[in-house]
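Please read the structure below before turning to the comments.
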Amino acid sequence: MTPAVGEERRCGACTLCCKVMTVRELDKPNGQWCRHCVTGRGCAIYADRPNECRGFQCGYLLWPALGEHWLPARSKLVVAFKPDGMEIIVHVDPGVPNAWRAEPYCSEIRAMASQVEGTAYTVFVQIGRRVIAVFPDREVDLGAVAEDERIAIRDEPGPGPGTMRRGAIKLKVSDPRIV
């Protein structure tokens, strides 16, 4: 069930973004609760929260196509959009690392990957520092991505002769292939 037209979703008691997101301004790594989070209530410094927090927009709140089952407190998944607008990232609560594999989430994440196929968008699942690129036909587990590494999306040979498909590789920030 999605909200009615004009009805706005709200965080309510959900604070999962305060655990799964990185907040550099607070030296808060992803996968750990923010020291300012009052679990189930919200941010203790909300009026003075960092710009990273002010700018974050939860996919559940923005994207009505995500059903009510995607409420992060229920699903243990926070959908986010990279500021460059080219990545959809499903942040997984590291306390429930396989939450994204449960149905209907896994099928819906794969459907997201199918919907963005042929565009510049990429769908990622992130569990702590571990990143998995999700494509319509497969997943590419990139393992832990360090601070000095980036993910590059590129065309690579496909399964059939003469075919190409999108792939993902992990590169050092200094690698000239990073554009």
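The values are calculated or read from the model by the stated rules, or taken from the named source; none is laboratory data. Since the model is a prediction, treat every value here as computed from it, not as a measurement. Cβ coordinates were reconstructed from backbone atoms using ideal geometry, including for glycine residues, and neighbour counts include every protein chain displayed.
Considering only residues that are assigned to a loop (DSSP other than H, G, I, E, B) and under 24 Å from Asp175 (Cα atoms), look in segment 115-148 and name the one that is farthest from the chain's Cα centre (by Cα).
Residues of segment 115-148 that are assigned to a loop (DSSP other than H, G, I, E, B), as a first pass: 117-121, 128-129, 136-137, 145-148.
Next cut, under 24 Å from Asp175 (Cα atoms) only: 120-121, 128-129, 145-148.
Numbers: Ala120: 16, Tyr121: 13, Gly128: 11, Arg129: 12, Val145: 14, Ala146: 16, Glu147: 17, Asp148: 19 Å.
Looking at the filtered set, the residue picked out is Asp148.
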For this session: For Asn98, state whether it is exposed (fewer than 13 other Cβ atoms within 10 Å of the Cβ) and touching a residue at least 12 places away in the same chain (Cβ under 8 Å).
Result: no
Problem set entry | Where a residue in segment 40-56 is of a type in the set (Asp, Glu) and in a helix (DSSP H, G or I) and its partner, wherever it lies, is surrounded by 15 or more Cβ atoms within 10 Å (Cβ to Cβ) and modelled with pLDDT of 90 or more, with Cβ under 9 Å and at least six apart | Glu52/Met21; Glu52/Thr22; Glu52/Val23; Glu52/Leu26
Exercise. Which of the residues spanning segment 109-136 are touching a helix residue (DSSP H, G or I) at 6+ places or on another chain (Cβ under 9 Å) and surrounded by fewer than 19 Cβ atoms within 10 Å (Cβ to Cβ)?
Worked result: Tyr121, Gly128, Pro136
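Being modelled with pLDDT of 90 or more and under 22 Å from Met21 (Cα atoms) narrows it down to one of Pro83, Pro72, Pro104, so name that one.
Working: Pro83 fails: modelled with pLDDT of 90 or more; Pro104 fails: under 22 Å from Met21 (Cα atoms).
On inspection, the qualifying residue turns out to be Pro72.
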